[in-house]
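A quick write-up on the structure given underneath.
The values are calculated or read from the model by the stated rules, or taken from the named source; none is laboratory data. Keep in mind that what you see is a predicted model, and the values were worked out from it rather than measured. Using ideal geometry, Cβ is built from the backbone for each residue, glycine included, and neighbour counts are taken over all protein chains shown.
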Amino acid sequence: MERVVIIGAGQGGFQAAASLRQEGFDGEILLIGDEPGHPYQRPPLSKAYLKGGTVQALSLRPDSFFETHKIDLRMGCWVRAIDRANARVEIDGEQIAYDHLIIATGARNLRPQIAGLEHAVGLRTLHDASAIKASLVNGVRVGVIGGGFIGLEFAAVARELGHSVTVAEAAPRLMARAVSEPMSARFAEKHREMGTDILLSDGVAEIDAAGFTLASGRRIDSDLTLLAAGVVPNVELAKLAGLQVDNGIVVDEMLVTSDPVISALGDCAAFPDPVTGRSIRLESVQAATDHARMIAKRIAKGADTPYRAVPWFWSDQADWKLQIAGLAGPTDTAEELADGTVLRFCGSRITAVETINNAKAHMTARKGMASGVPLTRQQFNITPAEVLV
Amino acid sequence: MVSITFIQPDGAAQTVQATLGDSVMQTALNNNIEGIFAECGGAMMCATCHCYIDDKWAEKTGDKSDGEDDMLDCAETEVTDASRLTCQIKVTDALDGLVVRLPSELA
């Protein structure tokens, strides 16, 4: 009987297992996760979970799902090595053969070399979030290093819970990697209105038990210091196995690695952008699940259509839901429409659409991009004369 | 206890017990109801927890959330006036006996 082994039981690994069954794959499926417990969703960890959400609500599926669908779930297990020559993986001294291997190892928090790093907590796993949740009591001073999605989602929750919050970002603006300048500015204003101290262009120089010091010499006193400075992909196993790695495990448009029976997906995979062809790596639920579905279709049914899903992202910060459809390059321009929608352009092509609390514009963009027909300003009901300069 | 009945497109019905405060989506997931995928986990970023709520329950399940119609617009299953996203329906005592119909996959 054919066996698919999936390394990583996060959103992508789980989806691959579930989609394999949905597509009719009737071989064995082994889903291996390094965390204890059961596969769960990470997005709520920096949002609803901290505001009184339960562990149960994070669960991707109940135990019975894995039994019913004959998915052999091995949690709390580390894969020691991938033995490509013999097509098997080693976990806890056991050798497990595979016909197809899916690497869904995700990413881990970036821990840059900063003095006193041990005093800063991270927020990526349920374990991290539970510890943070327990320490958010009685009005603590919260210091957040990094003004990206995670740092800002956490900052918003901490403020809503009544804690005092300072966010320090090394770049001149918030979420610089993900959104346009106008959007960064709007979010900076939003957080400041909430009473959060937003410090820009000031990276952290040193962390200690009572807070941290910024490059400018400015001192931030904090009872809880969160380091949210981005992530690094977990590529070590792949590298060790001799697979091609370059800012992620390199896969082709079919999401196959340099070994034809090994696929990679989600945060750890560097794949060709269907629009530009350049190699990209996305950290999102969308990429993880769309990659997983495509790989499952290929394995179960031999589907041979290249990957071309439209990227989308979201971030909940207080009562604002930021939604991004598409993917803008770092030098793409931005045009803000009267209703607040921001269009990103590469030349005359709309590459991404950024919105706040505007599901209609977001979905218009997603649908339009999926259709393959270039988006136009007119689809967003705005004439150039109405565009804010 | 609040019981909710999920009816598959082929008519197969499953009645399950729901926990107050959960969403209908969570209830479906907890009980392995086929057809509810809930890919975004209830963040209203997809339409993979789409269902139909009959008229007689529409009032009790409440109004649609802001943006729910926009998300439903891109459901890969047939959208009707009865369409809802199960992630946006919270389980309350008033929903005891609720009937949730699931869409057929479009070919």
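Does the range B:52-63 contain any residue that is surrounded by 15 or more Cβ atoms within 10 Å (Cβ to Cβ) and among the aliphatic types (A, V, I, L, M)?
Checked against the condition, which is being surrounded by 15 or more Cβ atoms within 10 Å (Cβ to Cβ) and among the aliphatic types (A, V, I, L, M), the range B:52-63 yields at least one hit.
Consider A:I132 carefully, then state whether it is of a type outside the set (S, T, N, Q) and under 30 Å from A:P330 (Cβ atoms). Write out each step before concluding.
Details: of a type outside the set (S, T, N, Q): yes; under 30 Å from A:P330 (Cβ atoms): no.
The answer is no for A:I132.
Looking only at the range A:49-67, count every residue that is in a helix (DSSP H, G or I), over 23 Å from A:G266 (Cα atoms) and within 12 Å of another protein chain (Cβ to nearest Cβ) and tell me the total.
Number of matching residues: 4.
Residues in the range B:8-26: is at least one more than 11 Å from chain A (Cβ to nearest Cβ), over 30 Å from A:A318 (Cα atoms) and touching a residue at least 60 places away in the same chain (Cβ under 8 Å)? Talk me through it step by step, then tell me what you get.
To start, the set of residues in the range B:8-26 that are more than 11 Å from chain A (Cβ to nearest Cβ) comprises B:8-18, B:20, B:24.
If we keep only those that are over 30 Å from A:A318 (Cα atoms) too, we end up with B:8-17.
Now drop any that are not touching a residue at least 60 places away in the same chain (Cβ under 8 Å), which leaves B:8-9.
The answer is yes, given that some residue of the range B:8-26 is more than 11 Å from chain A (Cβ to nearest Cβ), over 30 Å from A:A318 (Cα atoms) and touching a residue at least 60 places away in the same chain (Cβ under 8 Å).
Condition check: of a type in the set (A, V, I, L, M), within 17 Å of A:A205 (Cβ to Cβ), in contact (Cβ under 8 Å) with a residue 40 or more places away in the chain and not assigned by TED's automatic domain parsing to the domain that holds A:G33. Does A:L117 satisfy that? Please lay out each step first, then the result.
Working: of a type in the set (A, V, I, L, M): yes; within 17 Å of A:A205 (Cβ to Cβ): yes; in contact (Cβ under 8 Å) with a residue 40 or more places away in the chain: yes; not assigned by TED's automatic domain parsing to the domain that holds A:G33: yes.
So A:L117 passes the test.
For A:R21, indicate whether it is in a loop (DSSP other than H, G, I, E, B), touching a residue at least 12 places away in the same chain (Cβ under 8 Å) and assigned by TED's automatic domain parsing to the domain that holds A:G242.
no
Out of everything in the range A:24-44 that is in a loop (DSSP other than H, G, I, E, B) and more than 24 Å from the chain's Cα centre (by Cα), what residue ends up being farthest from the other protein chains (Cβ to nearest Cβ)?
Ranking the qualifying residues of the range A:24-44, first place goes to A:G27.
Residues checked against (1) outside the structural domain of A:I82 (by TED's automatic domain parsing); (2) hydrophobic (A, V, I, L, M, F, W, C); (3) in a loop (DSSP other than H, G, I, E, B); (4) in contact (Cβ under 8 Å) with a residue 40 or more places away in the chain:
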site	(1), (2), (3), (4)
A:N138	yes, no, yes, no
A:L152	yes, yes, no, yes
A:V157	yes, yes, no, yes
A:A171	yes, yes, yes, no
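Give, as residue ranges, the helices (runs of 4 or more DSSP H) completely inside the range B:13-107 that count at least 3 residues that are at pLDDT below 95 and more than 10 Å from the chain's Cα centre (by Cα). Spell out how you get there, then give the answer.
Values: elements: B:24-30, B:55-61, B:68-72.
Correct list: B:55-61, B:68-72.
Going by the conditions given, is A:S222 among the small types (G, A, S), within 26 Å of A:L31 (Cβ to Cβ) and buried (at least 17 other Cβ atoms within 10 Å of the Cβ)?
Against the criterion (among the small types (G, A, S), within 26 Å of A:L31 (Cβ to Cβ) and buried (at least 17 other Cβ atoms within 10 Å of the Cβ)), A:S222 does not qualify.
Just to be sure I understand, how many residues within the range A:299-326 are over 27 Å from A:A158 (Cα atoms) and in contact with an Asp or Glu (Cβ under 7 Å, 6 or more places away or on another chain)?
Number satisfying all stated conditions: 5.
Let me spell it out: the conditions are (1) at pLDDT 95 or above; (2) over 24 Å from A:G151 (Cα atoms); (3) within 12 Å of chain B (Cβ to nearest Cβ), and A:L73 meets all of them except one. Which number is the exception?
That leaves (3) as the condition not met.
Could you grab me the full set of residues in the range B:83-107 that are aliphatic (A, V, I, L, M) and loosely packed, with under 14 Cβ neighbours inside 10 Å?
Within the range B:83-107, B:A94, B:L106, B:A107 meet the criteria.
Please give the number of the condition A:V235 fails out of (1) under 25 Å from A:A370 (Cα atoms); (2) in contact (Cβ under 8 Å) with a residue 40 or more places away in the chain; (3) more than 14 Å from every other protein chain (Cβ to nearest Cβ).
Evaluating A:V235 over (1) under 25 Å from A:A370 (Cα atoms); (2) in contact (Cβ under 8 Å) with a residue 40 or more places away in the chain; (3) more than 14 Å from every other protein chain (Cβ to nearest Cβ) leaves (1) as the failure.
With the requirement that a residue be within 22 Å of B:D96 (Cα to Cα), in contact with a Leu (Cβ under 9 Å, 6 or more places away or on another chain) and charged (D, E, K, R), what does the range B:55-82 give you?
Hits for the range B:55-82 are B:K60, B:K64.
Suppose we filter the range B:31-63 for residues that are away from chain A (no Cβ under 11 Å) and either touching a Lys or Arg at 6+ places or on another chain (Cβ under 9 Å) or touching a residue at least 12 places away in the same chain (Cβ under 8 Å) (or both); how many remain?
Adding up the residues that qualify gives 12.
Does the range A:272-283 contain any residue that is over 16 Å from the mean Cα position of the chain (by Cα) and polar (S, T, N, Q)? So that I can check it myself, show each step before the final result.
Of the range A:272-283, the ones over 16 Å from the mean Cα position of the chain (by Cα) are A:272-279.
Narrowing the set further to residues that are polar (S, T, N, Q) leaves A:276, A:279.
Yes: the range A:272-283 contains one or more residues that are over 16 Å from the mean Cα position of the chain (by Cα) and polar (S, T, N, Q).
Can you name the residue in the range A:372-381 that is more than 14 Å from chain B (Cβ to nearest Cβ), out of contact with any strand residue (DSSP E or B) (no Cβ under 9 Å at 6 or more places or on another chain) and not in a helix (DSSP H, G or I) and, of all such residues, is modelled with the lowest pLDDT? Break it down into steps so the answer makes sense when it comes.
Pass one, the range A:372-381, residues more than 14 Å from chain B (Cβ to nearest Cβ): A:372-378.
Filter again for out of contact with any strand residue (DSSP E or B) (no Cβ under 9 Å at 6 or more places or on another chain), leaving A:372-373, A:378.
Among the residues that remain, those that are also not in a helix (DSSP H, G or I) are: A:372-373.
Values: A:G372: 89, A:V373: 92.
If we take residues in the range A:372-381 being more than 14 Å from chain B (Cβ to nearest Cβ), out of contact with any strand residue (DSSP E or B) (no Cβ under 9 Å at 6 or more places or on another chain) and not in a helix (DSSP H, G or I), then A:G372 is modelled with the lowest pLDDT.
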